[in-house]
1. Restricting to segment A:205-223, count the residues that are among the small types (Gly, Ala, Ser) and either surrounded by fewer than 21 Cβ atoms within 10 Å (Cβ to Cβ) or without any contact (Cβ under 8 Å) to a residue 40 or more places away in the chain (or both).
2. Are there any pairs with C-beta distances below 9 angstrom linking a residue in segment B:172-197 that is in contact (Cβ under 8 Å) with a residue 24 or more places away in the chain and away from chain A (no Cβ under 14 Å) to a residue that is of a type in the set (Val, Ile, Thr) and part of a loop (DSSP other than H, G, I, E, B), with the two at least 6 apart or on different chains, and if so which?
3. Is segment B:34-50 home to any residue that is within 22 Å of A:Leu77 (Cα to Cα), surrounded by 19 or more Cβ atoms within 10 Å (Cβ to Cβ) and more than 7 Å from chain A (Cβ to nearest Cβ)?
4. Identify all residues within segment A:26-63 that are touching a residue at least 40 places away in the same chain (Cβ under 8 Å), more than 30 Å from B:Pro58 (Cα to Cα) and either in contact with a Phe, Trp or Tyr (Cβ under 6 Å, 6 or more places away or on another chain) or buried (at least 23 other Cβ atoms within 10 Å of the Cβ) (or both); write none if there are none.
5. Looking at segment B:74-89, is at least one residue within 13 Å of the chain's Cα centre (by Cα) and farther than 12 Å from A:Ser65 by Cβ?
6. For residues that are in contact (Cβ under 8 Å) with a residue 24 or more places away in the chain and either touching a Phe, Trp or Tyr at 6+ places or on another chain (Cβ under 7 Å) or acidic (Asp, Glu) (or both), tally how many sit in segment B:81-94.
7. Restricting attention to segment A:133-184, and to residues there that are among the polar types (S, T, N, Q) and assigned to a loop (DSSP other than H, G, I, E, B), which single residue is farthest from A:Ile209 (Cα to Cα)?
Amino acid sequence: MPIPQSRVASGPSRRVAASSPRVLALPGYRKPAPGIHPPHLHPDYVSSLKRAPAHPLVQIRQTLSEVTGPCFQAHHLKVGADLTTQGEGAPLGEKILLTGRVLDEEGRPVRNTLVEIWQANAAGRYRHLVDQHAAPIDPNFIGKGQLLTDEEGRYQFKTIKPGAYPWRNHPNAWRPAHIHFSLFGPAFSTRLMTQMYFPGDPLLPFDPIFNGIRDEAARQRLIALFDWQTTIPEDALGFRFDIVLRGRLETPMENRP
Amino acid sequence: MSMAPAAGQLLGLAASQTVGPFFQIGCEDLYQTDLTVPGLAGTVITISGRILDADQLPVPDALVELWQANCLGKYAHPDDDQDKTVDPGFMGFGRCPTNAEGAFQFRTIKPGSVPSSTGTPQAPHINVSIFMRGLLNRLVTRIYFSDDKRNSVDEVLSLVDPGRRSTLFAEPDPGCPGAYRWDVILRGARETVFFDF
């Protein structure tokens, strides 16, 4: 299905043409500290063995290609942010209100950025042909949502708490309950796929995907916080999950590989 | 609730996790394999290929995303303040899942040259993210065009071992004008070059 056509406005011209050739006057994005993003090759995650590159990544300087990225607008969105009303009736499971902010490393809001989520149903089953887990499909739950963050970088999804489910990575392997997040941020450099987990999940210490993140604090940051303030009486438990994307370097001179 | 970090401190980044095998659910509504729009300037091309694993077996559950400039080398993004025109409706974003044979195909236009980090022109290229089950972090690479003379002066290509550069080149199909072939090999002999920045 194609994305509908949009009109993309030209950015304001903020720079007087200098002598040619022009240096990239835009600062690049900070490189993540080691240990935050998991390595490509992570033997505990068996599928990585055949799919992770063996050569080291080639380090390059950021150019205009890396500091720009796709700009989504409201008319691109096809699904809403309430996953509990996508079927004929109410889905089974514990309703939750998932709120948070998308920020850069300086704490500035990442505005109008696309957030896509998808998840299993309350029984731990995805609405997908490849998912053969013997848990029931919920006819009232599709399990996908989209939105653009607001001017403060805030987002809010209403959904149900997904169930844990077994997988075949190792004997008696179970994924902790999680919700997949896809984020773009302002640039190709800030593109991020991640997963949000739930506090107190006993499966977390055994999950090779979660534990592929070597930095303990970075692992903890992927666990949502239970939030009384956003809990809706008689309706939905509140969980808070803030997402921090790469921030910008101060000056173009720091644009180093 | 203020999220501003203390002076000199930065907030901790969200770590990457795998897209998993079920991304279709959340990503399919923005699948875009034809990046062109009516009236778009430039040479229409197709780029077809397969993603292969360490055993040269097709990867049937990958997601390929493109980010590219228009035919003048202008990105549809507010931070591209080059004095070049944008094409109304051309977003420059592509997204395609691989099929059971590990194959993907895009229809787009050949991008123009955009400046490098030092302001010299880069050879035309398309920026690529690849996500899949088994990868906890995306792979980033670039598609260059093997028949473009500007490759010889490209800053990024010059950083790549000459013996591996051809993995970044889409090859024209001699029997089909505008059709290019570009395969991705994740691991092993003829492994594709992947970047970090």
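Since every read-out is calculated from the coordinates, none of them should be taken as a lab result. Everything quoted here is computed from the prediction, not taken from an experiment. Here Cβ is always computed from backbone atoms with ideal geometry, including for glycine, and neighbour counts include all displayed protein chains.
1. 2
2. What qualifies is B:Gly178/B:Thr43; B:Asp183/B:Thr192.
3. yes
4. A:Gly28, A:Tyr29, A:Gln62
5. No: segment B:74-89 contains no residue that is within 13 Å of the chain's Cα centre (by Cα) and farther than 12 Å from A:Ser65 by Cβ.
6. Count: 4.
7. A:Asn140
Matching residues to (1) of a type in the set (Asp, Glu); (2) within 7 Å of chain B (Cβ to nearest Cβ); (3) not in a loop (DSSP other than H, G, I, E, B):
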{"position": "A:Ile36", "(1), (2), (3)": "no, yes, no"}
{"position": "A:Leu41", "(1), (2), (3)": "no, no, no"}
{"position": "A:Lys50", "(1), (2), (3)": "no, yes, yes"}
{"position": "A:Pro53", "(1), (2), (3)": "no, yes, no"}
{"position": "A:Pro56", "(1), (2), (3)": "no, no, no"}
{"position": "A:Pro70", "(1), (2), (3)": "no, yes, no"}
{"position": "A:Leu92", "(1), (2), (3)": "no, no, no"}
{"position": "A:Leu98", "(1), (2), (3)": "no, no, yes"}
{"position": "A:Val130", "(1), (2), (3)": "no, yes, no"}
